[in-house]
Amino acid sequence: MSRIPQTFIDELIARADIVDVVGSRVALKKAGRDYKGLCPFHNEKTPSFTVSPSKGFFHCFGCGANGTALGFLMRYDNLGFREAVEALAEMVGLPVPEVARTDPQPTDDGLIPLLHEADQLYRRHLRETPKAIEYLKRRGIDGATAGRFGLGYAPDAWDTVLKALGRGDEKRIARLLEAGLLVRGESGRVYDRFRDRIMFPIRNARGDVIGFGGRVIGAGEPKYLNSPESPVFHKGRELYGLFEARGTPGRPAEILVVEGYLDVASLAQFGVGPAVATLGTSTTADHVRRLTRLSDRVIFCFDGDHAGRKAAWRALETVLPFAGGKVEIKFLLLPEGEDPDSLVRGQGPEAFRRLMAEALPLSTFLIEELATRIDTKDVDGRARLVAEAKPLLARIPAGVYRELLIEELARLTGIEQSRFVALLEPQAAAPTRDRPAAPPPPRKGRSAIGRTITLVLHHPGAVALAGEVAGLDEVDEPGAALLRRVLELARERPDLKLAGLIERFRDDPDERHIVRLAAEEPPLVEDDTAAAAVLRDALERIVRDHAVAARKREQAEALRRARLGADGRRNLT
């Protein structure tokens, strides 16, 4: 599999005019050095959406949406990263180069064409097999829906794919095995993986078939059989129905996450959705990232039985790092005994939409589930709730959302909020004569580090002019590691502008911090030379403040040890 060189992405960002890119989709008006318009990502009457040509960056002060030209295309046009790169390259007239991976990433090795052949083979057999057509009719799937999702049928035979696609060619058979279409048994015999099953093709963002899900027609087990992992198919990244969902005109107001392929197809047939399904795995962070790029509201829909509630809780644990942002995350547990397919057919699409409207916000679902599991009437129960809430809250980004959730949990337990917060903090070991209490970590300098990162993002060329500052590697204040990363990147590529630096952090754990700091106004300096003087002074101040704090800690530690020694001598006398 090839990749797009990072150097090309850097050049693409530098060449792209973000005003042209955004202005082709949003009406913009000049406002000083920047441009303003109504935000396309939320409803507003007064423009709060700003596009800065000098930064190559857009930002909405209303909903917080922000990013580069690539980020705008991904969000506005519902594109994946690669597709956004290709679209932006077409706009600026640059051919997209590709290079082979040098890292040990697997290649598709011609698997995509083989999977396409299998897809066509399964479709043809569906058209030619009355019992498969009758099964879909019995399940209420009409021809238009079967065609939209490309449903097929794997005949009840051991060698349909082997004969039709293997053709006695050992190399083709080896690739069919790699694609998961064939299986080699313990005896060495090769045979078809899917037999007597309705076939659901799984597509990637470009519409290529990369795997299949097979639903047994009769009473066999397992009910659903999925393709195994392969060089082109990764269950933790892909979602069934995502390609079809992205074909919905405009940006979907919400997207449903369900458990079954038939659920996705049935909801689409009744005009509910769009909906997607995980591929026999729990929800992953990659799934959530892809969903939140598609819509600003994600509703996880599960059956109301015990297994469904467990699956919902696992999904909640995964989405916590995304809580409190611009995307609304909700949970819908259906009445016990119902799944999306049965409910939309039995009660109709309007009834299903009413249930969607009543879906619980993430915070409500979390609190109600904890309250259901734990009786907080006694001390033991309240202690257990704090213990269970602690790792969950640790996964939620700091901010207003987390504070409000803590306030609600404190109210539920009847614990005063400040005390509840204190209980969430890591508990230091009790001091002893051999192990005195550790001094609290210094908190000074965090805002200074943030301001310095912002300065570097806006003036990367100033880093080389400022020179190296001794002692910076020893600073362990919050944000110091990120500051060193940004400084190193700016030294390597002083030509990168703000947007280019931001793109280097795409899908990085520090991306949200970089984007937030990039949106802040930097110190008012005329050029890189002036910025270099400000930068060097800031770096030296950070190092100096850290050294002062370190000395104070050492002095405090020495004083504590002296006191403990004196106490010991008095006890001996």
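The values are calculated or read from the model by the stated rules, or taken from the named source; none is laboratory data. Please read these numbers as outputs of a predicted model, since none were measured by experiment. Because the Cβ atoms are built from the backbone with ideal geometry, glycine has one as well, and the counts that use them run over all protein chains shown.
Of the helices (runs of 4 or more DSSP H) entirely within the stretch 442-530, those holding at least 2 residues that are buried (at least 16 other Cβ atoms within 10 Å of the Cβ) and over 24 Å from the mean Cα position of the chain (by Cα) occupy 446-458, 461-466, 480-492.
One line per residue, one yes/no per condition, for (1) among the aliphatic types (A, V, I, L, M); (2) surrounded by 21 or more Cβ atoms within 10 Å (Cβ to Cβ):
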{"residue": "Tyr261", "(1), (2)": "no, yes"}
{"residue": "Thr281", "(1), (2)": "no, no"}
{"residue": "His287", "(1), (2)": "no, yes"}
{"residue": "Leu294", "(1), (2)": "yes, yes"}
{"residue": "Arg297", "(1), (2)": "no, no"}
{"residue": "Phe300", "(1), (2)": "no, yes"}
{"residue": "Leu332", "(1), (2)": "yes, yes"}
{"residue": "Pro335", "(1), (2)": "no, no"}
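Taking Glu338 as the residue in question, decide whether it is of a type outside the set (Ser, Thr, Tyr) and more than 22 Å from Tyr261 (Cα to Cα). Answer is no for this residue. Any residue at all in the stretch 238-248 that's of a type outside the set (Ser, Thr, Tyr), at pLDDT 85 or above and under 19 Å from Glu178 (Cα atoms)? Yes, that holds for at least one residue. Of the set (1) under 32 Å from the mean Cα position of the chain (by Cα); (2) assigned to a helix (DSSP H, G or I), all apply to Gln120 but (1). The residues in the stretch 375-406 that are part of a helix (DSSP H, G or I) and in contact with a Ser or Thr (Cβ under 6 Å, 6 or more places away or on another chain) can be counted, and the count is 3. Taking the stretch 221-247 as the region of interest, how many residues are without any contact (Cβ under 8 Å) to a residue 40 or more places away in the chain and more than 21 Å from Arg193 (Cα to Cα)? Final tally of qualifying residues: 1. Checking each residue in the stretch 251-308 for being among the acidic types (Asp, Glu) and over 17 Å from Met356 (Cα atoms) picks out Asp286, Asp305. Just for the stretch 127-142: of the residues that are buried (at least 16 other Cβ atoms within 10 Å of the Cβ), within 38 Å of the chain's Cα centre (by Cα) and not hydrophobic (A, V, I, L, M, F, W, C), which one is modelled with the lowest pLDDT? Per the stated criteria, the residue is Gly140.
Kindly check whether there is at least one residue in the stretch 359-370 that is surrounded by 11 or more Cβ atoms within 10 Å (Cβ to Cβ), among the polar types (S, T, N, Q) and outside any helix (DSSP H, G or I). Within the stretch 359-370, not a single residue is surrounded by 11 or more Cβ atoms within 10 Å (Cβ to Cβ), among the polar types (S, T, N, Q) and outside any helix (DSSP H, G or I). Of everything listed in (1) closer than 24 Å to Thr281 by Cα; (2) modelled with pLDDT under 90; (3) among the hydroxyl-bearing types (Ser, Thr, Tyr), the single unmet condition for Thr376 is (1). Taken together, Glu86, Glu44 contain a single residue that is under 27 Å from the mean Cα position of the chain (by Cα), acidic (Asp, Glu) and in a loop (DSSP other than H, G, I, E, B), which is Glu44. Considering the stretch 284-319, the residues that are under 19 Å from Arg516 (Cβ atoms) and part of a helix (DSSP H, G or I) include one that is modelled with the lowest pLDDT, namely Arg293. Of everything listed in (1) out of contact with any Gly (no Cβ under 8 Å at 6 or more places or on another chain); (2) free of Cβ contacts under 8 Å to residues at least 24 places away in the same chain, the single unmet condition for Arg251 is (2).
Restricting to the stretch 1-47, name every residue that is at pLDDT below 90 and among the hydroxyl-bearing types (Ser, Thr, Tyr). Within the stretch 1-47, Ser2, Thr7, Ser24, Thr46 meet the criteria. Between Ala146, Ala157, Ala174, the distinction of being touching a residue at least 12 places away in the same chain (Cβ under 8 Å) and either among the acidic types (Asp, Glu) or surrounded by fewer than 18 Cβ atoms within 10 Å (Cβ to Cβ) (or both) belongs to Ala157 only.
If I go through the stretch 320-349 residue by residue, how many of them are assigned to a helix (DSSP H, G or I) and either in contact with a strand residue (DSSP E or B) (Cβ under 6 Å, 6 or more places away or on another chain) or of a type in the set (Phe, Trp, Tyr) (or both)? Qualifying residue count for the region: 2. Among the residues of the stretch 261-295, the one identified as over 13 Å from the mean Cα position of the chain (by Cα) and of a type in the set (Asp, Glu) is Asp263. Cβ-Cβ contacts under 6 Å between residues 6 or more apart (or on different chains), taken from a first residue in the stretch 375-402 that is surrounded by 12 or more Cβ atoms within 10 Å (Cβ to Cβ) to a second residue that is charged (D, E, K, R) and assigned to a helix (DSSP H, G or I), are listed as Thr376/Arg382; Ile396/Arg402. Is it true that Ala65 is closer than 23 Å to Val327 by Cβ, touching a helix residue (DSSP H, G or I) at 6+ places or on another chain (Cβ under 6 Å) and at pLDDT 85 or above? So Ala65 does not fit the description; no.
Criterion applied to Ile217, Ile210, Ile141, Ile202 was being closer than 27 Å to Asn78 by Cβ, out of contact with any strand residue (DSSP E or B) (no Cβ under 6 Å at 6 or more places or on another chain) and touching a residue at least 60 places away in the same chain (Cβ under 8 Å), and the one residue passing it is Ile141.
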